[in-house]
Amino acid sequence: MSHQSGIRASEELSKIFADAACSGQQRIIQISIENESLEALNILPVSGTFEEDYSQIIPLLSDRQPCFVLYRLDTQSKAGNYEWLYLSYIPNDAKVRDKMIYASTSHTLTNQLGTTHFADSIFGTEKEDLSLESYHKHRQHQTAPAPLTQREEELAEVKAAESGSVNIASRRTHVSGVNFPISDAALSELSKLKDGSLNFVQLCVNTTQEIIDLVSSERITLDTLASSIPIDQPRFTFFAYQHNHQGEDISPILFIYSCPTASSIRERMLYSSCRGSLLAAAENDVGLNISKKFEVDDPSELTSQYIEEDLHPEPVGIVKPQAFRRPAAPGRNAPSRNRRAPKPE
């Protein structure tokens with residue numbers, strides 16, 4: 001997501017981390033989002049060597065639930081505080097909503113705790129990405145990059161295109177991108193989307209001509225949005241959702257990047273790389289005001305309920321009023337405590 005979720009670390013978590021960074025007694029702090037707040041889920045003390053303690057990370061991870069893990073290194077900063085490794089784990093099998101929330105909260109967490117505490121970071125979508133072996137490979141690539149296989153290069157490019165390769169210690173972000181031009185047909189239909197002539201425009205990457213080209217454009221309903229997106233190929237979709245909210249007619253523009261898990265590495269890399277330049281052109285050249293950006297593996301996740309909840313979330317902490325129930329009048333539909341049992345005949 002391009003914006004932050006607004007979820008912040010609790011006071012308790014901030015205190016736990018500050019104490020751990022100073023004392024060095026804690027080795028692992030696992031963090032999850034609970035009740036719109038970042039909370040410490042598990043805290044493990046230093047019990048062995050760096051590698052012995054590192055083996056405790058994988059058992060903490062779930063197949064479908066994202067989390068953040070802070071791992072204490074054995075090095076200290078000039079200020080005397082222990083340095084930390086920041087691990088962001090967002091599994092491929094997690095719910096799309098969880099992926100979006102955790103991805104948009106990661107930057108907030110490191111900023112709030114203090115980026116100077118973190119010497120390195122790793123992003124993982126599978127448990128093996130955060131294993132000790134993967135960590136050693138990560139360090140080797142940073143200190144003395146070895147030649148990569150074609151598949152490793154493609155995976156690295158995909159990760160760089162989708163989330164950027166971020167080194168928190170140096171605070172530099174390297175993002176690879178492909179600036180394919182947008183066809184005249186695609187620009188024309190996006191302009192019609194802006195003026196309301198239609199509400200659905202779908203684009204694809206034309207590798208033959210090396211352009212972002214038009215696939216289709218029409219008027220559809222929210223109920224048919226999911227079925228209008230292919231399940232076997234990546235696509236860029238723009239949808240103007242015309243509806244009434246709190247008595248006001250509105251038409252927010254949604255951008256949907258769909259990339260099925262069956263897509264090839266090359267397709268994922270290409271579409272991820274083109275996404276940034278496409279959005280820039282849609283917003284700056286066409287003048288589209290994109291209200292929400294979605295990323296899905298399976299278009300069926302784009303249900304009416306999911307989109308409505310994401311566009312119009314209920315304010316946190318507000319309790320819906322209960323309907324008033326008038327108490328029953330005395331003696332009416334109420335059991336009498338003094339009623340006598342009937343006498344046996």
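The values are calculated or read from the model by the stated rules, or taken from the named source; none is laboratory data. This structure is a prediction, so every number in the text was calculated from the model and none was measured. Glycine gets a Cβ as well: all are built from the backbone with ideal geometry, and neighbour counts include every protein chain shown. When the accessible area is computed, the model is the full protein with side chains, heavy atoms only, and any ligands, DNA or RNA have been set aside. Shrake-Rupley method; radii C 1.70, N 1.55, O 1.52, S 1.80 Å.
Just a few scattered comments:
- Net charge dipole size for the range 1-147 [Lys, Arg +1 and Asp, Glu -1 on Cβ; Debye, nearest 20]: 320 debye
- Only Lys, Arg (+1) and Asp, Glu (-1) charged, at Cβ; the range 183-268 dipole about Cα centre in debye: 180 debye
- Shape call, the range 101-145: gyration tensor on alpha carbons, a/c limit 1.5: oblate
- Prolate/oblate/rounded call for the range 1-117, Cα gyration tensor, a/c under 1.5 rounded: oblate
- When only alpha carbons are used to place a centre, the range 196-222 and the range 15-42 end up 45 Å from one another.
- Charge dipole magnitude, Cβ of K and R +1, D and E -1 - the range 1-83, Cα centre, debye nearest 20: 180 debye
- The range 42-83: mean projected area of Cα convex hull, nm²: 3.6 nm²
- Sulfur and carbon atoms: percent of accessible area, the range 184-252 [1.4 Å]: 42 percent
- Take each peptide in 53-61, 218-226, count the other Cβ atoms within 10 Å of every residue, and average; sorted highest first, the result is 53-61, 218-226.
- Ligands, DNA and RNA are left out, and with a 1.4 angstrom probe the accessible area of the range 1-126 is 47 Å² per residue.
- Per residue value of the accessible surface for the range 193-275 (all protein chains in place, 1.4 Å probe), Å²: 45 Å²
- Computed in the context of the full set of protein chains, the accessible area of the range 1-103 at 1.4 Å probe radius has 47% of its extent on carbon or sulfur.
- Accessible area per residue was computed with a 1.4 Å probe on protein heavy atoms; V215 scores about 60 Å².
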